[in-house]
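Beneath this line is the structure, given in structure tokens, with notes to follow.
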Amino acid sequence: MNLHIKKTPEQLGEKAAGLTAALLRAAIADNGCARLLLSTGSSQFETLDALVKEDVDWGKVTMFHLDEYVGLPETHPASFRKYLRERFLAKVTLQDYHLVDGNPDSIPALSAELNKAPIDVGLIGIGENAHIAFNDPPADFDTKESYIVVNLNERCKQQQVGEGWFPTTAQVPAQAISMTPWQIMQCRHIISAVPHKVKAKAVADTLSHDTTPEIPATLLKTHPHFDLFLDAESASLIPD
């Protein structure tokens, strides 16, 4: 694991985006194309803002993303499809992209597209409960499926309200389609951009515990090419 601590979320985002772009350029140079996996949520704002400004031949990049609420229309403010269209797809012209549409019946076709070739770079956020994608604790580390339907726990729902996506936890959908931990770990490189004070405990727990489904992000530490980007606040509880 490579640990990077920057002072501000903006500096974190610039460095995480810079590494992502360098890896995409290398994949394009080697293979003629690249495949990118994106996270969403407020923790990714600075990284995505910086990434769309990077010098990448976006016309040779195919994008996937991690998750979407079951049954939530794309017009809803919390829709991750809406988020990605506005913050990424409207600003770069990709070779192709595949959105998780919130319909469980779409999982086989989406998985088939995903598994045509490896993901070169995965931007994998870490939740306030240390979830990766929507794999809340205890996460299923055993399934070899690419995407599954998961139940969201109360702590996860509270995060969505805290970030302003929903007015109350009762309005957060009970389920989501999520990429599985096993599938996330198939990325050639994993980059986690994790700013803000609200993530400090999850970061500290991730770094101070062995791999466990009770702290899903601990799995990322076992990846051979994992870069974790923190800011001063998210790093504030790391043990000396």
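The values are calculated or read from the model by the stated rules, or taken from the named source; none is laboratory data. All values reported here derive from a predicted model rather than from experimental measurement. Note: ideal-geometry Cβ built from the backbone for every residue, glycine included; neighbour counts use all protein chains shown. With ligands, DNA and RNA removed, areas are computed over all heavy atoms of the protein, side chains included. Shrake-Rupley method; radii C 1.70, N 1.55, O 1.52, S 1.80 Å.
Name the single residue, out of those in region 7-18 being open to solvent by less than 60 Å² (accessible area, probe 1.4 Å) and touching a residue at least 40 places away in the same chain (Cβ under 8 Å), that is farthest from Leu38 (Cα to Cα). Quick ask: steps written out before the conclusion?
Residues of region 7-18 open to solvent by less than 60 Å² (accessible area, probe 1.4 Å): 8-9, 12-13, 16-18.
Next cut, touching a residue at least 40 places away in the same chain (Cβ under 8 Å) only: 8-9, 12-13, 16.
Details: Thr8: 21, Pro9: 18, Leu12: 16, Gly13: 14, Ala16: 12 Å.
Only one residue fits best here, namely Thr8.
Among the residues here, Glu128 qualifies as open to solvent by 30 Å² or more (accessible area, probe 1.4 Å) and touching a residue at least 24 places away in the same chain (Cβ under 8 Å).
Looking at region 112-124 only, could you name the residues that are surrounded by 17 or more Cβ atoms within 10 Å (Cβ to Cβ) and out of contact with any helix residue (DSSP H, G or I) (no Cβ under 7 Å at 6 or more places or on another chain)?
Of region 112-124, the ones surrounded by 17 or more Cβ atoms within 10 Å (Cβ to Cβ) are 114, 119-124.
Leu114, Ile119 - these are the residues of region 112-124 that are surrounded by 17 or more Cβ atoms within 10 Å (Cβ to Cβ) and out of contact with any helix residue (DSSP H, G or I) (no Cβ under 7 Å at 6 or more places or on another chain).
Listed by first and then second residue, the pairs with beta-carbon distance under 7 Å, at least 6 apart or on different chains, first residue in region 73-84 and under 10 Å from Leu99 (Cβ atoms), second assigned to a helix (DSSP H, G or I), are Glu74/Arg81; Glu74/Lys82. Can you tell me which residue in region 207-240 is surrounded by the most Cβ atoms within 10 Å (Cβ to Cβ), limited to those that are touching a strand residue (DSSP E or B) at 6+ places or on another chain (Cβ under 9 Å) and acidic (Asp, Glu)? Residue satisfying both the conditions and the ranking: Asp231.
For the subset of region 192-206 comprising residues that are among the charged types (D, E, K, R) and over 18 Å from Gly164 (Cα atoms), which member is surrounded by the most Cβ atoms within 10 Å (Cβ to Cβ)? Outline the logic, then answer.
As a first pass, look at region 192-206 and keep what is among the charged types (D, E, K, R): 197, 199, 201, 205.
With over 18 Å from Gly164 (Cα atoms) added as a condition, the list becomes 201, 205.
Working: Lys201: 15, Asp205: 18.
It comes out as Asp205.
With respect to being free of Cβ contacts under 8 Å to residues at least 12 places away in the same chain and under 28 Å from Ile177 (Cβ atoms), Thr47 falls outside the description. Of all residue pairs spaced 6 or more apart or on separate chains, those with beta-carbon atoms under 7 Å, a first member in region 26-44 that is assigned to a strand (DSSP E or B) and a second member that is of a type in the set (Gly, Ala, Ser) are Ala34/Ala27; Arg35/Ala117; Leu37/Gly122.
Take the residues in region 165-180 that are part of a loop (DSSP other than H, G, I, E, B) and more than 17 Å from Pro73 (Cα to Cα), then tell me which one is modelled with the highest pLDDT. Top of the filtered list is Thr180.
Across region 46-56, the qualifying residues are those that are out of contact with any helix residue (DSSP H, G or I) (no Cβ under 6 Å at 6 or more places or on another chain) and not in a helix (DSSP H, G or I), and the one among them that is surrounded by the most Cβ atoms within 10 Å (Cβ to Cβ) is Val52. Checking each residue of region 59-72 against the condition of being surrounded by fewer than 14 Cβ atoms within 10 Å (Cβ to Cβ), part of a loop (DSSP other than H, G, I, E, B) and free of Cβ contacts under 8 Å to residues at least 60 places away in the same chain gives no match.
So for region 162-182 (the condition being within 19 Å of Pro224 (Cα to Cα), open to solvent by 10 Å² or more (accessible area, probe 1.4 Å) and under 16 Å from the mean Cα position of the chain (by Cα)), does at least one residue qualify? Yes, region 162-182 has at least one match.
Identify, please: which residue in region 139-151 is in contact with a strand residue (DSSP E or B) (Cβ under 8 Å, 6 or more places away or on another chain) and assigned to a loop (DSSP other than H, G, I, E, B) and is, among those, surrounded by the most Cβ atoms within 10 Å (Cβ to Cβ)?
Kept after step one, since they are in contact with a strand residue (DSSP E or B) (Cβ under 8 Å, 6 or more places away or on another chain), are these residues of region 139-151: 139-140, 146-151.
Narrowing the set further to residues that are assigned to a loop (DSSP other than H, G, I, E, B) leaves 139-140, 146.
Numbers: Ala139: 25, Asp140: 15, Ser146: 20.
Filtering region 139-151 for residues that are in contact with a strand residue (DSSP E or B) (Cβ under 8 Å, 6 or more places away or on another chain) and assigned to a loop (DSSP other than H, G, I, E, B), the one surrounded by the most Cβ atoms within 10 Å (Cβ to Cβ) comes out as Ala139.
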